[in-house]
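Note sheet for the following structure.
The values are calculated or read from the model by the stated rules, or taken from the named source; none is laboratory data. Not measured: the values here are computed from a predicted model. Neighbour counts run over all protein chains shown; Cβ positions are idealised from the backbone, glycine included. All accessible areas refer to the heavy atoms of the entire protein, side chains included, with ligands and DNA or RNA removed. Shrake-Rupley method; radii C 1.70, N 1.55, O 1.52, S 1.80 Å.
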Amino acid sequence: MIAVALDARQTNVTAPVQVDVAYSPGTGKADTTSLSLVLQHEFDAVPEAAPPTAVIVLFCGELATGIDMVNRFDQPVKWKPVQPKSENGDYWSMLGGSMSRCVYTHVSLDSGGVGLRQEILSGVSRITCTRASGPRLLYVLPGLTTLPPASAGDIAFRPLPPKSRATIGLYNQPDDFNAQTASPQLPDAGILRWTRELPGGAGPLSYRLRGELLDTAALQQRDLFMAGALAGVAGGGIMLVLEATVQLLLNHSRKRAANPQAMAPPSQSQDRTEAPVPIAPPAAAPPRRCRDRSVSIAVTAAVGTTAALILLRRRRNRRLRARP
């Protein structure tokens, strides 16, 4: 969760502040999330006519883990842990946990064009906002809120002026990513961005976006079809081998039944003058064409089975590599 508030010592700020948060989960190192925070303060008068706008930015929860950011001058942002003197239920509900899990920094809006002051913080956090399961992706983006008037440790703050607005957006997602469901609902299905007014309640602790990688899904469907086709070829080859084997056994049994004397033992008659009974020659071996056909069927079945196993293994390896 990100919280943005005014320094309580500055009481003359009435113009709204615009806060834009851009998450880019796919551009940093593995298990990190790139993000940028843009603060804009619009004035009706010339900015030099008013003192700089003092803002306090807090990063809380898992987002504060290993946070590393720079300002618009490419200078490192110094973060300090919040050390609250006592727990507060409002902070617990708005920040999703104790303020002792937060870090903060002071930001001074004292630059920009006439009528506009701006500051940009950009960097990475050592958390991942992406959950992958095959071609399906789930993005979980930390929320943004402001804080009520209070103090925590050595800082005191008050909420942003009325009509201040916050924008949370997802950028640099895969080109074939197709958003399917979002919580809260996206105002525009073609733009992966949420907008809310600050102050306006605590707001959601996170923004969730679920979708599918169309190219990866199509590739998996193709592999599944090919594996099924090859498995069918292999299964058909095995059935043909079994059918040919059974046919050979049946032919052999029929030939034995048609020539019982071929397998009969020699006569034990004591009459030496009796003419010998002719023994029929053994049945001829099956034509070579049948044996060649059986061998070719067996080879086809083996090749089909091997190809199906290779495709299934490639699909499993691709699914393992796709896991974050």
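The residue that is modelled with the lowest pLDDT, counting only those in region 24-58 that are under 20 Å from W79 (Cα atoms) and in contact with a Cys (Cβ under 6 Å, 6 or more places away or on another chain), is T33. If you take the residues in region 165-187 that are under 24 Å from L147 (Cβ atoms) and β-branched (V, I, T), which one is least open to solvent (accessible area, probe 1.4 Å)? The extreme case among them is I168. Considering only region 128-138, I want to know if a residue exists there that is more than 20 Å from S34 (Cα to Cα), touching a residue at least 40 places away in the same chain (Cβ under 8 Å) and open to solvent by less than 50 Å² (accessible area, probe 1.4 Å). Yes: region 128-138 contains one or more residues that are more than 20 Å from S34 (Cα to Cα), touching a residue at least 40 places away in the same chain (Cβ under 8 Å) and open to solvent by less than 50 Å² (accessible area, probe 1.4 Å).
Scanning region 143-196 for residues that are in a strand (DSSP E or B) and among the hydroxyl-bearing types (S, T, Y) gives T145, S151, S164, T167, T181, S183, T195.
Taken as a whole, the structure leaves P162 outside the set of residues that are over 20 Å from L63 (Cα atoms) and touching a strand residue (DSSP E or B) at 6+ places or on another chain (Cβ under 7 Å). Applying the condition of being within 30 Å of the chain's Cα centre (by Cα) and open to solvent by 10 Å² or more (accessible area, probe 1.4 Å) to region 140-164 and asking which residue is nearest to Q185 (Cα to Cα) yields V140.
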